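J.: After the structure tokens below, expect a handful of questions from me.
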Amino acid sequence: MDSYQRLLVVVDEHDFSLKGIARALYMASRTTNASIIVMLLEHGSFVSRLVDTFEHGNEADTGEGLNGHSTQMSLDKKRHCITQFIQTNRQNGLSISQASISCHSCDDVLSFCEDFKVDTIFIAASRHKLWNWLTIKALDTRLVRESPRPVVVVKDHLWEPGGRILSLVDPCNNGEDEQALNKKVLQTAEHFTRLLKGYCHLLDCYYGETPSISFHQSVSPEGDEQYHFERLSRYSSEYHLLPDRSLKAREYCHLVKELPEDAIESLSKKVDSELVIIGDKGTSSFFSNLCGHAADQVIDRINCDLLVVKPQ
């Protein structure tokens, strides 16, 4: 599975928030020999003018403090806030530093990850406006789509001991790439179940057998609901997703006939999850670029953090 030793936190100048740093610090404090690099993404003058034009007069232009979004703070003040935050936490014995390389675009972030062998990217959720989809994609959406490394999109929901994790899996897809990605999602779920000392709910979006006019249609194992539940229960046991053996695995295995983004939204609210884990192969097409993948479609539809796992 992916290592979580070298963590990169990207702070967007236009969506300034320290939530991503705080979440990375929480994880690093519970991981041996973990280090954190903080990078402030400073947009060029053209992008800044474009953002100011679209957001002029919008209520989002009022500052909301360090834990929310702020656009009124000057760039120098944002740099100072990050420096002070890093120095304070460094005194607590945590390995955290600021990137010495300037960053001005998503491509710069991806290049930095490749050059410095970053394991995971943390970023606070961006404000998604209609004009983002028509002009410049939000930074969290671009990283989720384009990064070959796992990406954690941070929301306001805190991580707490005994927390609940929701993982989307596809147990009956026998493709080699799909099974490899499925395994990585389960290994990641196991890691964060131990980290949070919590429990993991497994979600499988199942649509059943395709109707046929034949009177003697054979039912494949993949079309049997009981088969799906057995695979999910086996995953839960094999990857130790329920540390408390008194819990019934079936109550933490969810088989639904919905689109993944709809099922994730409703189930994450129902179980009050701290983290949603989704696998993404990173493939792109005209349709996916236009409508998005399930991973970036759920960013605005859940109240907790989103971890997007990538194939090797």
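The values are calculated or read from the model by the stated rules, or taken from the named source; none is laboratory data. In this text the structure is predicted, and so the values were computed from the model without any measurement. For neighbour counting, all protein chains shown are included, and Cβ atoms are generated from backbone atoms with ideal geometry for every residue, glycine included. Ligands, DNA and RNA are excluded from the accessible area calculation, which covers all protein heavy atoms including side chains. Shrake-Rupley method; radii C 1.70, N 1.55, O 1.52, S 1.80 Å.
J.: Regarding the range 264-277, can at least one residue be identified that is closer than 22 Å to G175 by Cβ, modelled with pLDDT of 95 or more, not polar (S, T, N, Q) and not in a strand (DSSP E or B)?
T.: Checked the range 264-277: at least one residue is closer than 22 Å to G175 by Cβ, modelled with pLDDT of 95 or more, not polar (S, T, N, Q) and not in a strand (DSSP E or B).
J.: Looking at the range 84-104, I want the residues that are among the aromatic types (F, W, Y) and have a partner that is open to solvent by less than 70 Å² (accessible area, probe 1.4 Å) with Cβ atoms under 6 Å, at least 6 apart or on another chain. Which pairs are those?
T.: That search, which allows pairs on different chains as well, returns F85/L18.
Rundown of residues vs (1) at pLDDT below 85; (2) of a type in the set (D, E); (3) in contact with a Gly (Cβ under 8 Å, 6 or more places away or on another chain); (4) assigned to a helix (DSSP H, G or I), yes/no style:
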position	(1), (2), (3), (4)
L195	no, no, no, yes
C200	no, no, no, no
H216	yes, no, no, no
V219	yes, no, no, no
E222	yes, yes, no, yes
S236	no, no, no, yes
L241	no, no, no, no
S246	yes, no, no, no
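J.: So, in the range 257-281, of the ones that are in contact (Cβ under 8 Å) with a residue 60 or more places away in the chain, over 21 Å from L143 (Cβ atoms) and of a type in the set (A, V, I, L, M, F, W, C), which residue ends up surrounded by the most Cβ atoms within 10 Å (Cβ to Cβ)?
T.: Step by step, filter the range 257-281, then rank; the result is A263.
J.: I need the full set of residues from the range 168-194 which are farther than 15 Å from H228 by Cα and in contact with a helix residue (DSSP H, G or I) (Cβ under 7 Å, 6 or more places away or on another chain), in order please.
T.: Of everything in the range 168-194, just one residue is farther than 15 Å from H228 by Cα and in contact with a helix residue (DSSP H, G or I) (Cβ under 7 Å, 6 or more places away or on another chain), namely L186.
J.: Here is a further query. I'd like to verify a number: residues in the range 54-82 that are at pLDDT 50 or above and open to solvent by less than 90 Å² (accessible area, probe 1.4 Å), how many?
T.: First, pick out the residues of the range 54-82 that are at pLDDT 50 or above: 54-56, 58, 72-82.
Restricting the remaining residues to those that are open to solvent by less than 90 Å² (accessible area, probe 1.4 Å) gives 55, 58, 73-75, 78-79, 81-82.
Summing the residues that are at pLDDT 50 or above and open to solvent by less than 90 Å² (accessible area, probe 1.4 Å) in the range 54-82 gives 9.
J.: Taking interchain pairs and intrachain pairs at least six residues apart, which have beta carbon atoms under 7 angstrom, with the first residue in the range 223-238 and over 23 Å from H191 (Cα atoms) and the second of a type in the set (G, A, S) and outside any helix (DSSP H, G or I)?
T.: G223/G208
J.: Taking the range 137-154 on its own, how many of its residues are in contact with a helix residue (DSSP H, G or I) (Cβ under 7 Å, 6 or more places away or on another chain) and surrounded by fewer than 16 Cβ atoms within 10 Å (Cβ to Cβ)?
T.: The number of residues fulfilling the criteria is 1.
J.: Give the residue, chosen from G162, G175, that is at pLDDT below 90 and touching a strand residue (DSSP E or B) at 6+ places or on another chain (Cβ under 9 Å).
T.: One residue alone meets the criteria, G162.
J.: Can I ask one more? Considering each residue of the range 83-131, count those that are at pLDDT 90 or above, farther than 23 Å from L158 by Cα, in a loop (DSSP other than H, G, I, E, B) and in contact with an Asp or Glu (Cβ under 7 Å, 6 or more places away or on another chain), and give that number.
T.: 0
Residues checked against (1) in a helix (DSSP H, G or I); (2) more than 14 Å from the chain's Cα centre (by Cα); (3) buried (at least 22 other Cβ atoms within 10 Å of the Cβ); (4) basic (K, R):
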{"position": "D156", "(1), (2), (3), (4)": "no, no, no, no"}
{"position": "E160", "(1), (2), (3), (4)": "no, yes, no, no"}
{"position": "N174", "(1), (2), (3), (4)": "no, yes, no, no"}
{"position": "Q179", "(1), (2), (3), (4)": "yes, yes, no, no"}
{"position": "N182", "(1), (2), (3), (4)": "yes, yes, no, no"}
{"position": "T188", "(1), (2), (3), (4)": "yes, no, yes, no"}
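J.: Still on this structure, please answer the following. Can you pull out every residue in the range 242-251 that is under 18 Å from T188 (Cβ atoms) and open to solvent by less than 40 Å² (accessible area, probe 1.4 Å)?
T.: Of the range 242-251, the ones under 18 Å from T188 (Cβ atoms) are 242-243.
L242, the sole residue that qualifies.
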